[in-house]
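A.B. asks: Let me give you the structure first, and then I'll get to my questions.
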Amino acid sequence: MSLHSHLERAYQITHRYNPFRAEVGLFPIGSPTPDSPVFVSGNFDTLVTDLRRTLSPFDCWLLICDSAGINVWCAAGVGDFNENKITDALIASHLEEKVRHRTLILSPLAAVGINRRKLKKDTGFTVVWGPTHLDDIPAFIKAGLQRTPEMKLARFTFKDRLEQSIGILGVFSFPLLVFYWWPRQVAWFMLSLSHAIFGTMLGYDRLPPKFPANKTLLLGAAQALLVLAAGLTGRTDRKTTLQRLALGLLAHGLIAIDMIGSTPFYKTTIAHWLTTGTNTSLFQPAITPRCPSCGACLEVCPKGLFERDTDKKVRVNLAKECCECLACVKQCPHHAIINIGTGYKDDIKSLDPDHMPQLRPQKPT
Ligand code: SF4
Ligand code: SF4
């Protein structure tokens, strides 16, 4: 990578919540033939760069569709990455003239936005779900485009968490604007933010509370104790102690609230967190007798809630925790998944109107 590429990537990581649009179109990777696999993704520039690097040892096609420059999971959820965007990219690229097969490989994180049946009807192309995480793509290709059960699950690696931490810090760096007038307090606030973000994200596996927002609060409490100790032992004066206490608690409170909506971990509402102290999702899936156990939900659930019994019937394992991505609801061809939870967060905009009755909380049968 050139210096310019490194700087560009650093800028994108610190501003990762802004859209960065990569060029859309069909790109040959290596020396693809008409039988080579076709990987499809959105045009979030950072991801496209990573995807190209990951695919570079292989001969394949990469079809980049317009996802408004945001990552596939978020774009699919809000309707910015869907079957129509893929259809547009297929038409513009004339892919059907370049390959003999009619198969597209997508991340299952796109499943909440993609109507596979409509895509097949409109274009003749079939979507198959690849690995959820980029790091699994080489093993997936070497295994003849087969996924292991682990490849279906969402993973949030140390590197992912580090990049996301830097991105969150970038979002909350607005106080730097007044650094000139209030330098010590702003510096303390930024330090507290860094403690809250990096502590929660990087100490995720080690901090005792289960839910991320509660981990952040624990870090805030620990910092507050240290500040108080410094004040009581005379290391800081009363005014400084009170300022540091207030700014530290504010910083940790803001990040705790941000963690409530963090889909890779859990996702819930602020009201639910405040009343129950947990980040568990309001939506809880159950399967109705309409289900013929086709397995479509099983292929897209990033948390692995759907399993086959010994009699091959698909069932829900609520011991695993749903993150309310609603990919299962979108992909179920029989509308057989209902909500036996207490509500839903209503931040997924890519479902069809006829899915809405499934989202309303119902009593388990
Ligand atoms: S069960 Fe939950 S996590 Fe799994 S696909 Fe459905 S909504 Fe997403
Ligand atoms: S996708 Fe729907 S019909 Fe298919 S197994 Fe899951 S719940 Fe049953």
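The values are calculated or read from the model by the stated rules, or taken from the named source; none is laboratory data. Quantities reported herein were computed from a predicted structural model and do not represent experimental measurements. Cβ: placed from backbone, ideal geometry, glycine included. Neighbour counts: every protein chain shown.
A.B. asks: What is the number of the single condition among (1) under 28 Å from residue 278 (Cα atoms); (2) touching a residue at least 24 places away in the same chain (Cβ under 8 Å); (3) within 11 Å of ligand 1 (Cβ to nearest atom) that residue 355 does not meet?
C.D. replies: (3)
A.B. asks: Exactly one of these conditions fails for residue 323: (1) within 13 Å of ligand 2 (Cβ to nearest atom); (2) touching a residue at least 60 places away in the same chain (Cβ under 8 Å). Give me its number.
C.D. replies: Of everything listed in (1) within 13 Å of ligand 2 (Cβ to nearest atom); (2) touching a residue at least 60 places away in the same chain (Cβ under 8 Å), residue 323 misses just condition (1).
A.B. asks: Do any residues in segment 209-237 that are closer than 12 Å to residue 192 by Cβ and at pLDDT 95 or above have Cβ atoms under 6 Å from those of residues that are surrounded by 14 or more Cβ atoms within 10 Å (Cβ to Cβ) and among the basic types (Lys, Arg), where the two are at least six apart or on different chains, and which pairs are they?
C.D. replies: Cβ pairs passing all conditions: 227/244.
A.B. asks: Now a separate question. Tell me which residues, restricted to segment 111-160, are surrounded by 15 or more Cβ atoms within 10 Å (Cβ to Cβ), basic (Lys, Arg) and modelled with pLDDT under 95.
C.D. replies: If the condition is that a residue be surrounded by 15 or more Cβ atoms within 10 Å (Cβ to Cβ), basic (Lys, Arg) and modelled with pLDDT under 95, then 155 is the only one that fits.
A.B. asks: Show the residue pairs that are 6+ apart or on different chains and have beta-carbon atoms under 8 Å apart, the first residue being within segment 181-197 and at pLDDT 85 or above, the second being surrounded by fewer than 18 Cβ atoms within 10 Å (Cβ to Cβ) and β-branched (Val, Ile, Thr).
C.D. replies: The qualifying pairs are 186/178.
A.B. asks: Hey, among the residues in segment 54-75 that are part of a helix (DSSP H, G or I) and at pLDDT 95 or above, which one's nearest to the chain's Cα centre (by Cα)?
C.D. replies: 54
A.B. asks: Taking residue 301 as the residue in question, decide whether it is touching a residue at least 40 places away in the same chain (Cβ under 8 Å), surrounded by 21 or more Cβ atoms within 10 Å (Cβ to Cβ), within 14 Å of ligand 2 (Cβ to nearest atom) and under 26 Å from residue 256 (Cβ atoms).
C.D. replies: no
A.B. asks: I would also like to ask the following. Name the residues in segment 133-156 that are in contact (Cβ under 8 Å) with a residue 60 or more places away in the chain and among the acidic types (Asp, Glu), would you?
C.D. replies: 135 - this is the single residue of segment 133-156 that is in contact (Cβ under 8 Å) with a residue 60 or more places away in the chain and among the acidic types (Asp, Glu).
A.B. asks: Now for a separate question. For segment 221-250, what are the residues that are assigned to a helix (DSSP H, G or I) and among the basic types (Lys, Arg)?
C.D. replies: 238, 239, 244
A.B. asks: All but one of (1) on the phi > 0 side of the Ramachandran plot; (2) at pLDDT below 95 hold for residue 280; which doesn't?
C.D. replies: Going through (1) on the phi > 0 side of the Ramachandran plot; (2) at pLDDT below 95 one by one, residue 280 breaks only (1).
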